[in-house]
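Asks: There's a structure below that I have some questions on.
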Amino acid sequence: MKWINKIERSLYKYPIKPFFKYIIFAMGGVYLLDLFFPMAFLSARLSLVRDSVLAGEIWRLFTFLIVPISGRPFAVLLSLYFYYFIGTTLETKWGARRFLVYYALGAIGTIISAFITGYAPNTYLNLSLFFAFAIEFPHFQVMLFFLFPIKMSWLAAINAMFYLSSFIFMSWQHKIAILFSLANLFLFFGGDIINRIRQTIYQYKRRKAFKDQFK
């Protein structure tokens, strides 16, 4: 964490302002262009593809950040709003510079994974924002399916189990993408995650030992 703090302090000489909302707005714009002009294949032209980058399409090293998820308009709108909310909330809590360090580390990890595997989406990078939000605001509640309130900590645990199973059973390319794209999460919160796991195990053992006394 010390070197992360040094990077953040080094950025104080630059007038960095909150930027994540512009990434979300750009995602929305790309989605609309894909929707109304599908033959332009805009998302495909912006995606992070190693061979295309090596062929001179350097812009892909940056434009992959604004490639939206595919799906129906309502689902995409909800997704963009969700990531807008968690991203701008983290920016407000951390400050624009620290958020930039976190986001840039995830982006660099994604680029590295793309050069290893040939292609990498921004999916896991955006997922790292979700996990960071869940760690910072574990008791924040969202309405699952607009009906059931669920804490972010539980929602993150469910997602973590899903991606753990994906890591175990999917191809090595997906393993690389998950590891490198979530590197920022482990660099920022690795110690906290390990301590929370230890605390959970300790509390479980205490409860079990207490119950065993009355058997």
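Asks: For Leu32, are the conditions met, namely being surrounded by 12 or more Cβ atoms within 10 Å (Cβ to Cβ), closer than 23 Å to Ile111 by Cβ and either at pLDDT 95 or above or among the aliphatic types (A, V, I, L, M) (or both)? Please lay out each step first, then the result.
Replies: On the way: surrounded by 12 or more Cβ atoms within 10 Å (Cβ to Cβ): yes; closer than 23 Å to Ile111 by Cβ: no; either at pLDDT 95 or above or among the aliphatic types (A, V, I, L, M) (or both): yes.
So Leu32 fails the test.
Yes/no per residue for (1) modelled with pLDDT of 95 or more; (2) assigned to a loop (DSSP other than H, G, I, E, B); (3) hydrophobic (A, V, I, L, M, F, W, C):
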position	(1), (2), (3)
Ser52	yes, no, no
Phe64	yes, no, yes
Ser70	no, yes, no
Phe74	no, no, yes
Leu77	no, no, yes
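Asks: Hey, any hits in region 85-92 for a residue that's surrounded by 11 or more Cβ atoms within 10 Å (Cβ to Cβ), among the aliphatic types (A, V, I, L, M) and without any contact (Cβ under 8 Å) to a residue 12 or more places away in the chain?
Replies: no
Conditions tested, residue by residue: (1) over 17 Å from the mean Cα position of the chain (by Cα); (2) closer than 21 Å to Val49 by Cα; (3) small (Gly, Ala, Ser).
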residue	(1), (2), (3)
Phe115	yes, yes, no
Pro121	no, yes, no
Phe130	no, no, no
Ile135	no, no, no
Gln141	yes, no, no
Ile150	yes, no, no
Ile168	yes, no, no
Phe188	no, no, no
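The values are calculated or read from the model by the stated rules, or taken from the named source; none is laboratory data. Just so it is clear, the model here is predicted, and its values are computed rather than measured. Counting neighbours? That spans all protein chains shown, and the Cβs are built from the backbone with ideal geometry, glycine included.
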